[in-house]
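The values are calculated or read from the model by the stated rules, or taken from the named source; none is laboratory data. Because the structure is a prediction, the values reported are computed rather than measured. Here the Cβ positions follow ideal geometry from the backbone for every residue, glycine too, while neighbour counts run over all protein chains shown. Note: areas computed on protein heavy atoms with side chains; ligands, DNA, RNA excluded. Shrake-Rupley method; radii C 1.70, N 1.55, O 1.52, S 1.80 Å.
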Amino acid sequence: MDTADAIAAELRALADPARAEQEKRYLKSDLEHVGVTVPAIRKVTVRAAAGLTRDETLALADRLWRRPVHECRPVHECRMAAIEVLIRNAPLLEAEDLAVAERMIRESHTWAYVDALAIKVVGDLVVRNAPLATTLDLWSADANFWIRRTALLALIPGIRSGDGDLTRLTKYGDALIEEKEFFIRKALGWVLRELSKKDPDWVAAWVRDRTDRISGVSIREAVRHLPEPDRDALLTAYRS
């Protein structure tokens, strides 16, 4: 039994049919679900990924991502495991592996996969390989809204480390601020919220200049951690 088969077998041993049905409905998923919690998936895959080389990591992630049930639909928990394998060995990944993450994101169709890939795989690669940020520039205008969401969320690791790319955040924010897609609006607010923990004055000023264009979803996220006077003033300006 190879590693992917072993992981799949462990996950099936943890199956909870009731959870599977509930999660499948919540995610509006057309994949097979067996019903395993994220911490349990992480525990299984982190153990399996330990000690792998870069090539072995990529091969295992690919096997898990594509793993079908009865040669038909992929399995949700195996896709989650594939992502966890990449996250566990993210330091091994190289700039060219951005293409692997992009393919997975384009095949995802759900935040449940996209967000972890965007922040913990793509974001990590961009932090360690600065020229890759030019790819995010292209992604911010991509026709696929999950790719556009990734361009925003991939800025979060830099922000959390205290080296946020505020020029790109402004560029992407101004380009996407009037988007109708909920997942873009939410992502913009999320990135601003993360930055507000480091630089609340910058976020307050940025939002203040755009209260006539920003969405309710974005501003509510963006001001969540701002000082109360700033938060109240910005929400009042937005509502008026």
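Quick look at the numbers
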quantity: In degrees, nearest ten, helix 166-176 long axis to first principal axis of the chain (Cα); calculated: 90 degrees
quantity: When each of 120/197; 43/198; 120/186; 120/198; 24/197 is checked by Cα-Cα distance, pairs over 23 Å; calculated: 43/198; 24/197
quantity: Per-bin percent of Cα-Cα distances, the stretch 26-167 [10 Å]; calculated: 12, 42, 35, 10, 1
quantity: Heavy atoms of residue 183: accessible area, 1.4 Å probe, square angstrom to 10; calculated: 50 Å²
quantity: Percent breakdown of C-alpha pair distances by 5 Å bin, ordered from the shortest bin, for the chain; calculated: 1, 6, 14, 16, 16, 14, 12, 10, 6, 3, 1, 0, 0
quantity: Radius, Kirkwood style, for the stretch 150-232 when every pair of distinct Cα atoms is counted (Å); calculated: 12.3 Å
quantity: Residue-level accessible surface for residue 238, protein heavy atoms, 1.4 Å, Å²; calculated: 80 Å²
quantity: Mean-position separation - Cα centroids, the stretch 147-165 and the stretch 1-78, in angstrom; calculated: 27 Å
quantity: The stretch 1-54: C-alpha pair distances exceeding 13 Å, %; calculated: 62 percent
quantity: For the chain, built as a Gaussian network whose Cα springs stay under 10 Å, the top-fluctuating residue of 197, 28, 120; calculated: 28
quantity: Inter-site label distance for residue 228 and residue 6 at 7 Å from Cα along Cβ, in nm; calculated: 5.5 nm
